[in-house]
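This report concerns only the one structure given below.
The values are calculated or read from the model by the stated rules, or taken from the named source; none is laboratory data. Nothing here was measured: the structure is a model prediction, and the numbers come from that model. Counting neighbours? That spans all protein chains shown, and the Cβs are built from the backbone with ideal geometry, glycine included.
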Amino acid sequence: MRTRTKQHISNPELFKTQLLNWSQQFDEVVWLDSNDYHQTYTSYDAVLAVEALTVFQTDHYDAFNQFKEYQSSVNDWIFGYFSYDLKNDVEQLTSRNFDGLQFPELLFFQPKKLFFLKGNTLETYYLNVVANELDQDFKNIETEAHVNESAKTSEDHHVKIKLRIHKDDYFKKINAVLAHIHRGDIYEANFCQEFYAENTIINPIETYHKLNAISKPPFATFLKVYDKYLLSASPERYIKKEGSKITSQPIKGTAKRSTDKSEDKRLKQQLSEDIKERSENVMIVDLVRNDLSKTATKGSVVVEELCKVYTFDQVHQMISTVTSNVNGSTHPVDVIKTTFPMGSMTGAPKISAMKIIEDLEETKRGLYSGAVGYFSPDDDFDFNVVIRSILYNATNNYVSYSVGGAITAKSDPLKEYEECLVKAKAMREVLEN
């Protein structure tokens, strides 16, 4: 089915830039980059999938069952995404909010050409029908300029960011969430707001390079499907399957960085001891444990790390790691279906939280707070959480990024608003130069 080759890459950083720039000629592209962020569960430094042999896309209706058939029948590597609104397939829910981006709700493709980079070793998996193109592709990749020459367009276009929810409305909506919490309807909800620009042209690859350079996160993604783009600096893994082991790593709890070393250390320490942030994280860990238990073998759900603070270029984040085991008869798609959407982007209890945020938010989330990743031929998978991301519809000239935060009984609306601005900072800087 696939021709596999291995080669030595002397300068992996340069090669990554060349590879991604080379990929822009294709209509279907998924690029995943760990930015050399060393975590226990990293499989590759970077992965590129391009050029579809087969494509599966659908809206939420019966999406997971149909996708399950596709994943089983292809029995090959597939790359793509689940959008947040697949919640409407999993539960009796709806999405009626405004959608300026118009991404399909689920899209996966079987790539003809695959590249896996780990250290100085590049492995390629080309479908046999295109295996004879590898040598020429490699020559073309190595002659790619370090900076994409077409990456000059966005300099000429001034991006004017607008808010979908203005500050006073944001406070009203947060107070409405707090009223639900005080009434006992929910304990926590992840409330999100959209920032957007209309009639705007950006250069996706240049924008991605800039965003990635600012944040250098472990789950960076460049996704292109025809005229739609995701440029993501995500720090968060949603879920991974390796053999029978499932790993989920929810993030809850954010603190800003400081250039002053001792101040930065203090901010990190403060986050690790913050009762509100820890309680947010623990609530979501409980939810993830519950979700994983739906497919886990008896007694196999374990919290490997609770509320551990990790440091990224832009922020400190509190991350927990929850694992479980599944038996061989469990379909990999069912592990996704029973945990989707991820708890860190919804709230607890999950269904009530999803109903409340749907009522209060102004924008359909779409791919934001969904997941991008891949399935391997042996039913393993790895998916990120789509946050800290710029989304772009090139036909509609519509650019969007959303940010959110977990609202609990102890939330202060002003502090929540400020946290949103911290999370939005990198995206705003990149778009507004």
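So is Leu20 in contact with a Phe, Trp or Tyr (Cβ under 7 Å, 6 or more places away or on another chain) and in contact (Cβ under 8 Å) with a residue 12 or more places away in the chain or not?
Working: in contact with a Phe, Trp or Tyr (Cβ under 7 Å, 6 or more places away or on another chain): yes; in contact (Cβ under 8 Å) with a residue 12 or more places away in the chain: yes.
Yes: the conditions hold for Leu20.
Report, by residue number, each residue of the stretch 143-194 that is assigned to a helix (DSSP H, G or I), at pLDDT 95 or above and either under 19 Å from Lys423 (Cα atoms) or not aliphatic (A, V, I, L, M) (or both).
Applying the first criterion (assigned to a helix (DSSP H, G or I)) to the stretch 143-194 yields 153-156, 167-183.
Now narrow it down to the ones that are at pLDDT 95 or above: 167-183.
Listed by number, the residues that qualify are Lys167, Asp168, Asp169, Tyr170, Phe171, Lys172, Lys173, Ile174, Asn175, His180, His182, Arg183.
Is one or more of the residues making up the stretch 79-88 over 30 Å from Arg365 (Cβ atoms), touching a residue at least 40 places away in the same chain (Cβ under 8 Å) and not in a strand (DSSP E or B)? Explain how you work it out, then say what you get.
Filtering the stretch 79-88 for residues over 30 Å from Arg365 (Cβ atoms) gives none.
Taking every residue of the stretch 79-88 in turn, none turns out to be over 30 Å from Arg365 (Cβ atoms), touching a residue at least 40 places away in the same chain (Cβ under 8 Å) and not in a strand (DSSP E or B).
Scanning the stretch 234-261 for residues that are touching a strand residue (DSSP E or B) at 6+ places or on another chain (Cβ under 8 Å), of a type in the set (D, E, K, R) and outside any strand (DSSP E or B), which turns out farthest from Val302 (Cα to Cα)?
Here the answer is Arg257.
Looking at Gly373, Gly366, which one is small (Gly, Ala, Ser) and closer than 14 Å to Met345 by Cα?
Numbers: Gly373 fails: closer than 14 Å to Met345 by Cα.
None of the others qualify; the one that does is Gly366.
I'd like to know if the stretch 33-50 contains one or more residues that are among the acidic types (Asp, Glu) and in a helix (DSSP H, G or I). Please lay out each step first, then the result.
Of the stretch 33-50, the ones among the acidic types (Asp, Glu) are 33, 36, 45.
From what is left, the residues that are in a helix (DSSP H, G or I) are none.
Within the stretch 33-50 (the criterion being among the acidic types (Asp, Glu) and in a helix (DSSP H, G or I)), the answer is no, since none of the residues qualifies.
Just one of Asp313, Asp264, Asp286 is surrounded by fewer than 18 Cβ atoms within 10 Å (Cβ to Cβ), assigned to a helix (DSSP H, G or I) and under 22 Å from the mean Cα position of the chain (by Cα); which is it?
Details: Asp313 fails: assigned to a helix (DSSP H, G or I); Asp264 fails: under 22 Å from the mean Cα position of the chain (by Cα).
Result: Asp286 is the single residue among Asp313, Asp264, Asp286 that is surrounded by fewer than 18 Cβ atoms within 10 Å (Cβ to Cβ), assigned to a helix (DSSP H, G or I) and under 22 Å from the mean Cα position of the chain (by Cα).
Just one of (1) out of contact with any helix residue (DSSP H, G or I) (no Cβ under 9 Å at 6 or more places or on another chain); (2) over 21 Å from Phe222 (Cβ atoms); (3) not aromatic (Phe, Trp, Tyr) trips up Leu107, so point out which.
Here Leu107 meets the rest and fails (2).
Pick from Thr221, Thr247: which is within 26 Å of Leu391 (Cα to Cα), among the hydroxyl-bearing types (Ser, Thr, Tyr) and either touching a His at 6+ places or on another chain (Cβ under 7 Å) or surrounded by 15 or more Cβ atoms within 10 Å (Cβ to Cβ) (or both)? Walk me through it before giving the result.
Details: Thr247 fails: within 26 Å of Leu391 (Cα to Cα).
Step by step, each of Thr221, Thr247 is checked, and only Thr221 is within 26 Å of Leu391 (Cα to Cα), among the hydroxyl-bearing types (Ser, Thr, Tyr) and either touching a His at 6+ places or on another chain (Cβ under 7 Å) or surrounded by 15 or more Cβ atoms within 10 Å (Cβ to Cβ) (or both).
Among the listed residues Glu429, Glu418, which satisfies the condition of being in a helix (DSSP H, G or I), among the charged types (D, E, K, R), surrounded by fewer than 19 Cβ atoms within 10 Å (Cβ to Cβ) and free of Cβ contacts under 8 Å to residues at least 12 places away in the same chain? Reasoning before the result, please.
Numbers: Glu429 fails: free of Cβ contacts under 8 Å to residues at least 12 places away in the same chain.
Of Glu429, Glu418, the one residue that is in a helix (DSSP H, G or I), among the charged types (D, E, K, R), surrounded by fewer than 19 Cβ atoms within 10 Å (Cβ to Cβ) and free of Cβ contacts under 8 Å to residues at least 12 places away in the same chain is Glu418.
Taking Asp378, is it over 25 Å from Phe67 (Cα atoms) and free of Cβ contacts under 8 Å to residues at least 40 places away in the same chain? Talk me through it step by step, then tell me what you get.
Details: over 25 Å from Phe67 (Cα atoms): no; free of Cβ contacts under 8 Å to residues at least 40 places away in the same chain: yes.
No.
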